[in-house]
Amino acid sequence: MTAKIDNPEQGIPAGQAREWNWNPDLPIPTSPVFSWPPRPLAALKWLSSEWLAISAMVLEFALAFAVWEFLQPDAEEMKTFAFGWILQIYIRNLLFLSLIAGGLHIYLYSFRKQGSNLKYDPRDLAKENRRFAFRNQVYDNMFWSLASGVAFWTAYEAVYYWAAANSFVPTLTFIQNPVWFVAWFLLIPIWSSLYFYWIHRALHWPPLYRLAHSVHHRNINVGPWSGISMHPVEHIIYFSSILIHAVVASHPVHVMFHLYIQALDPAFSHSGFDGLVLKDKKRMELGDFFHQLHHRFFDCNYGTSEMPWDRWFNSFHDGTAASLERLRKTGSKNRRR
């Protein structure tokens, strides 16, 4: 067996950190898109790894266009709130989340098709634990995700379609402005990352944490159903990211893509595995070790690796022991002030 390495000065190779079953190369990077001085080649490589490969973002992008083309209610129908077309959206959202989060859970945890290969945390998901509703982590996560998450996701989506159908919000088509139509798809993930950092910091404010965010943080060891397992108050705040489309001209397919990033992407990023292995080969990126560190150590990595907010505000944990020690010292100093 290869000896575990934990030398923060030299970096830690993939799979060699003591406290993890598997880890990526440490220290982990953040996006070079916002580096100064600029690093255009590195930025292009980072972006292409998401857009020119089989990734959650590409799947969500394709799904948005497929839904718009084949499953979207008629605009005339959506000018008036009606049970029928809203139920149609609710059912499709329920099915999408169940297929993605449920499918990943069955493959990775129920059938254990890749065992512990590329799994971050060596522990299994919790059972017989009073911290969770039904004393079961998976049932708890499914309840909050399906009962609350899908409801608020659908509510935001339905309100936008109603507003767009009645011309209450600015809209555009590809013909009207092809450059902005395409560019907005590239900018939506960046906006989502920016928004997530700031609302996540707010959710760690003690009163709001106790009221709402603590439900999500029951999950120290995460699984696919943990992604949007949140208190209803947090769902209201979390999905409000799409309110930007009330002031920035968008097509409904932009809003679908944005909501799929918010609702479906967390199932991939919280899977607990770095990648999906089929026939002994990693076929798709899954987990987000950057965010996995937040669930384990709490006071770090509030944003995402797409934007360097945590670097700028000294809350970045790069996965090394030296980084953790620095964050603990910073936290101690802040508590003494």
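Within region 200-235, track down each residue that is hydrophobic (A, V, I, L, M, F, W, C) and either farther than 24 Å from residue 312 by Cα or touching an Asp or Glu at 6+ places or on another chain (Cβ under 9 Å) (or both).
Answer for region 200-235, where residues must be hydrophobic (A, V, I, L, M, F, W, C) and either farther than 24 Å from residue 312 by Cα or touching an Asp or Glu at 6+ places or on another chain (Cβ under 9 Å) (or both): 203, 208, 211, 212, 215, 220, 222, 225, 228, 230, 233.
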Pick out the one residue from 237, 261, 190 that is in contact with a helix residue (DSSP H, G or I) (Cβ under 6 Å, 6 or more places away or on another chain), open to solvent by 10 Å² or more (accessible area, probe 1.4 Å), in contact (Cβ under 8 Å) with a residue 60 or more places away in the chain and not in a loop (DSSP other than H, G, I, E, B). 261
Could you list, in sequence order, all residues of region 119-162 that are more than 22 Å from the chain's Cα centre (by Cα) and surrounded by 17 or more Cβ atoms within 10 Å (Cβ to Cβ)? 159, 161, 162
Looking at region 240-252, which of the residues that are surrounded by fewer than 20 Cβ atoms within 10 Å (Cβ to Cβ) and β-branched (Val, Ile, Thr) is farthest from residue 62 (Cα to Cα)? 247
Need pairs with beta-carbon distance below 7 Å; first residue closer than 22 Å to residue 99 by Cα and without any contact (Cβ under 8 Å) to a residue 24 or more places away in the chain and within region 127-144, second open to solvent by 60 Å² or more (accessible area, probe 1.4 Å) and not in a helix (DSSP H, G or I); sequence gap 6+ or separate chains. 136/127
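Being surrounded by fewer than 22 Cβ atoms within 10 Å (Cβ to Cβ), out of contact with any Lys or Arg (no Cβ under 8 Å at 6 or more places or on another chain) and either assigned to a strand (DSSP E or B) or at negative phi (or both) is the filter here; which residues of region 270-288 pass it? Break it down stepwise before answering.
Of region 270-288, the ones surrounded by fewer than 22 Cβ atoms within 10 Å (Cβ to Cβ) are 275-285.
If we keep only those that are out of contact with any Lys or Arg (no Cβ under 8 Å at 6 or more places or on another chain) too, we end up with 278-285.
Across region 270-288, the qualifying residues are 278, 281, 282, 283, 284, 285.
Residues of region 300-318 being in contact (Cβ under 8 Å) with a residue 40 or more places away in the chain and open to solvent by 20 Å² or more (accessible area, probe 1.4 Å), which ones? Before you say what the answer is, go through the steps one by one.
Taking region 300-318 first, the residues in contact (Cβ under 8 Å) with a residue 40 or more places away in the chain are 302-311, 316, 318.
Selection gives 304, 306, 309, 311, 318.
Mind listing just one residue for me: the one in region 205-230 that is part of a loop (DSSP other than H, G, I, E, B) and open to solvent by 40 Å² or more (accessible area, probe 1.4 Å) and, of those, farthest from residue 193 (Cα to Cα)? Step through it out loud before you land on a result.
Residues of region 205-230 part of a loop (DSSP other than H, G, I, E, B): 205, 212, 219-223, 227-230.
If we keep only those that are open to solvent by 40 Å² or more (accessible area, probe 1.4 Å) as well, we get 205, 220.
Working: 205: 19, 220: 21 Å.
Of everything passing the filter in region 205-230, 220 is farthest from residue 193 (Cα to Cα).
The values are calculated or read from the model by the stated rules, or taken from the named source; none is laboratory data. From a predicted model like this one, the values you see are computed outputs, not experimental measurements. All Cβ positions, glycine included, derive from the backbone under ideal geometry; neighbour counts span all protein chains shown. Ligands, DNA and RNA are excluded from the accessible area calculation, which covers all protein heavy atoms including side chains. Shrake-Rupley method; radii C 1.70, N 1.55, O 1.52, S 1.80 Å.
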